[in-house]
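Participant: Below: one structure in structure tokens.
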Amino acid sequence: MLVLGIESSCDETSIAIVRDGRQILSVKTYSQIAEHAPFQGVVPEIASRSHLEKINFIYESAMEESGVQPGDLSGIAVANRPGLPGSLLMGAQFARCLSLVYDLPIAPVDHVEAHFYAPCLEGFEMEYPLIGLLLSGGNSAVFEIQDLEDLRILADTHDDALGEAYDKCASMLGLGFPGGPALEALAARCDSSVPLLLPPLLREMPEPRFSFSGIKTAVQKAIRAGADPTTLAYSFQERTVELVLRVLVRCVESSGCQKIVAGGGVLANANLRGRLDELANKAGWTIVYPQSRALCTDNAAMVAALGTRLLSGRKRAGLDFPVSSSRST
């Protein structure tokens, strides 16, 4: 199967052509970082307009690189939830146009679930059940994955997502947008033996959950008190990773499943990867995440990988499929 994937859930316009849900023939992504940087965050109206302006060019570039003709395609996979409604609508409309012109079936794809299929593009075999850990700018959650389109949430965020907390704290430290890579680089310069400046997050809760809003206030107070930026960046990173590991341990223990697949843009962080690997080795778990950092962030290849499975099972939608800001449509 040759499936064209479309990802436009937030601020990346991405088109991919994937063979059999595993082999990437082409993936082209336009990032809107420069357009949103002056605002220190994603502006929905700017995002949707940028998708509209760029998506035709990205599509033509991906098709040219892949050497595939529209008539060769088996179908279209498009992210339709969750995300910014205006951004999702741009991708959905483009998918509908291609479907009408070339008589291609469409598989609407859950963007969150698609992140867990990204490792399949590097040879990973999905064997259910699995625990899914998603850490991104818009989502921080743990799922029990029983089957295709069968995800049960085990832990969610009470407020902010981890990626958002990285960006906001980096902004307070004057590191620019997006802040994750810059904050990670600054933290790496710190002596790991220094005392942490920030208190632990959510030490004891009745049920596992994430909460990152309080750490932004703690960082702001530390900056006002004249804290060293390098030590503060290191402390932020350590405390947030501690919470991720604690929540993951509780979810694994409650579910009994010790096979974990992780995804989302924050998984590009080398420190987080290393700490997850250490925990898995110590506990005897299996943990998999994309080795390519480009597959951690939003991309159309992961959408095509999941869409291939849906299309293979003849899960197809009419042209009136909805888009939604939440996972529930």
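Participant: Could you list, in sequence order, all residues of segment 141-160 that are among the hydrophobic types (A, V, I, L, M, F, W, C), closer than 15 Å to Ala262 by Cα and touching a Leu at 6+ places or on another chain (Cβ under 9 Å)? Even if it seems obvious, please write down each step before you answer.
Facilitator: The first filter runs over segment 141-160 and keeps only residues among the hydrophobic types (A, V, I, L, M, F, W, C), leaving 141-143, 145, 148, 151, 153-155.
Restricting the remaining residues to those that are closer than 15 Å to Ala262 by Cα gives 141-143, 145, 151, 153-155.
Selection gives Ala141, Val142, Phe143, Ile145, Ala155.
Participant: Follow-up. Checking Ser74 against (1) in contact with a Leu (Cβ under 6 Å, 6 or more places away or on another chain); (2) closer than 28 Å to Glu242 by Cα, which test does it fail?
Facilitator: (2)
Participant: Would you confirm whether or not segment 80-87 contains a residue that is small (Gly, Ala, Ser) and either free of Cβ contacts under 8 Å to residues at least 40 places away in the same chain or within 17 Å of Gly307 (Cα to Cα) (or both)?
Facilitator: No: zero hits.
Participant: Would you pick out the residues in segment 33-76 that are touching an Asp or Glu at 6+ places or on another chain (Cβ under 7 Å), in a helix (DSSP H, G or I) and over 29 Å from Leu310 (Cα atoms)?
Facilitator: His36, Ile46
Participant: A further question on this structure: Would you pick out the residues in segment 84-97 that are in contact with a helix residue (DSSP H, G or I) (Cβ under 8 Å, 6 or more places away or on another chain) and either buried (at least 20 other Cβ atoms within 10 Å of the Cβ) or closer than 17 Å to Asn299 by Cβ (or both)?
Facilitator: Leu84, Ser87, Met90, Gly91, Phe94
Participant: Just to be sure before I move on: is Gly138 out of contact with any strand residue (DSSP E or B) (no Cβ under 7 Å at 6 or more places or on another chain), in a loop (DSSP other than H, G, I, E, B) and in contact (Cβ under 8 Å) with a residue 12 or more places away in the chain in the structure I sent? Reasoning before the result, please.
Facilitator: Numbers: out of contact with any strand residue (DSSP E or B) (no Cβ under 7 Å at 6 or more places or on another chain): yes; in a loop (DSSP other than H, G, I, E, B): yes; in contact (Cβ under 8 Å) with a residue 12 or more places away in the chain: yes.
Yes, satisfied.
Participant: Given the residues Leu311, Leu319, Leu272, which is the only one that is at pLDDT below 95 and of a type in the set (A, V, I, L, M)? It would help to see each step written out before you state the result.
Facilitator: Working: Leu311 fails: at pLDDT below 95; Leu272 fails: at pLDDT below 95.
The match here is Leu319.
Participant: Moving on. Quick one: in segment 26-50, of everything that is buried (at least 19 other Cβ atoms within 10 Å of the Cβ) and of a type in the set (A, V, I, L, M), which residue is farthest from Gly313 (Cα to Cα)?
Facilitator: Within segment 26-50, the match that is farthest from Gly313 (Cα to Cα) is Val42.
Participant: Right, something else. Check off (1) surrounded by fewer than 23 Cβ atoms within 10 Å (Cβ to Cβ); (2) in contact (Cβ under 8 Å) with a residue 24 or more places away in the chain for Ala182 and give me the number that stays unchecked.
Facilitator: (2)
Participant: Please count how many residues of segment 176-190 are outside any helix (DSSP H, G or I), modelled with pLDDT under 95 and out of contact with any Phe, Trp or Tyr (no Cβ under 6 Å at 6 or more places or on another chain).
Facilitator: Within segment 176-190, the subset outside any helix (DSSP H, G or I) is 176-179, 188-190.
The next check asks that each one be modelled with pLDDT under 95; those that pass are 176-179.
In the following step, the residues that additionally are out of contact with any Phe, Trp or Tyr (no Cβ under 6 Å at 6 or more places or on another chain) were identified as 176-178.
Counting residues in segment 176-190 that are outside any helix (DSSP H, G or I), modelled with pLDDT under 95 and out of contact with any Phe, Trp or Tyr (no Cβ under 6 Å at 6 or more places or on another chain) gives 3.
Participant: Exactly one condition in (1) under 30 Å from Leu319 (Cα atoms); (2) assigned to a helix (DSSP H, G or I); (3) aromatic (Phe, Trp, Tyr) is false for Phe143; which is it?
Facilitator: Tallying (1) under 30 Å from Leu319 (Cα atoms); (2) assigned to a helix (DSSP H, G or I); (3) aromatic (Phe, Trp, Tyr), Phe143 fails exactly one: (2).
Participant: Considering only segment 67-103, state which residues are over 21 Å from Ala114 (Cβ atoms) and among the polar types (S, T, N, Q). Walk me through how you get there before you give the answer.
Facilitator: Filtering segment 67-103 for residues over 21 Å from Ala114 (Cβ atoms) gives 67, 69-72, 97, 100-103.
Scanning segment 67-103 gives a single hit, Gln69.
Participant: Where residues in segment 305-329 are among the aliphatic types (A, V, I, L, M) and under 23 Å from the mean Cα position of the chain (by Cα), which of them is surrounded by the most Cβ atoms within 10 Å (Cβ to Cβ)? If you could, list the steps in order and put the result at the bottom.
Facilitator: Step one: of segment 305-329, the residues among the aliphatic types (A, V, I, L, M) are 305-306, 310-311, 317, 319, 323.
Right, trim to under 23 Å from the mean Cα position of the chain (by Cα) and you get 305-306, 310-311, 323.
On the way: Ala305: 30, Leu306: 28, Leu310: 24, Leu311: 22, Val323: 24.
So the residue we want is Ala305.
Participant: Only one of Leu121, Leu88, Leu73 is of a type in the set (A, V, I, L, M) and either over 16 Å from the mean Cα position of the chain (by Cα) or closer than 30 Å to Tyr234 by Cβ (or both); which?
Facilitator: On the way: Leu121 fails: either over 16 Å from the mean Cα position of the chain (by Cα) or closer than 30 Å to Tyr234 by Cβ (or both); Leu88 fails: either over 16 Å from the mean Cα position of the chain (by Cα) or closer than 30 Å to Tyr234 by Cβ (or both).
Just a single option satisfies the conditions, and that option is Leu73.
Participant: Could you please give the count of residues in segment 202-226 that are outside any helix (DSSP H, G or I) and either over 17 Å from Arg246 (Cα atoms) or of a type in the set (Val, Ile, Thr) (or both)?
Facilitator: Initial filter on segment 202-226 (outside any helix (DSSP H, G or I)): 202-212, 225-226.
Retained after the next criterion (residues that are either over 17 Å from Arg246 (Cα atoms) or of a type in the set (Val, Ile, Thr) (or both)): 225-226.
Selection size over segment 202-226: 2.
Participant: Suppose the filter is free of Cβ contacts under 8 Å to residues at least 24 places away in the same chain, of a type in the set (D, E, K, R) and out of contact with any helix residue (DSSP H, G or I) (no Cβ under 8 Å at 6 or more places or on another chain); does Glu242 pass it?
Facilitator: Numbers: free of Cβ contacts under 8 Å to residues at least 24 places away in the same chain: no; of a type in the set (D, E, K, R): yes; out of contact with any helix residue (DSSP H, G or I) (no Cβ under 8 Å at 6 or more places or on another chain): yes.
For Glu242, the condition - free of Cβ contacts under 8 Å to residues at least 24 places away in the same chain, of a type in the set (D, E, K, R) and out of contact with any helix residue (DSSP H, G or I) (no Cβ under 8 Å at 6 or more places or on another chain) - is not met.
The values are calculated or read from the model by the stated rules, or taken from the named source; none is laboratory data. Quick caveat: nothing in here was measured; it's all calculated off a predicted structure. Backbone-built Cβ (ideal geometry, glycine too); neighbour counts: all protein chains shown.
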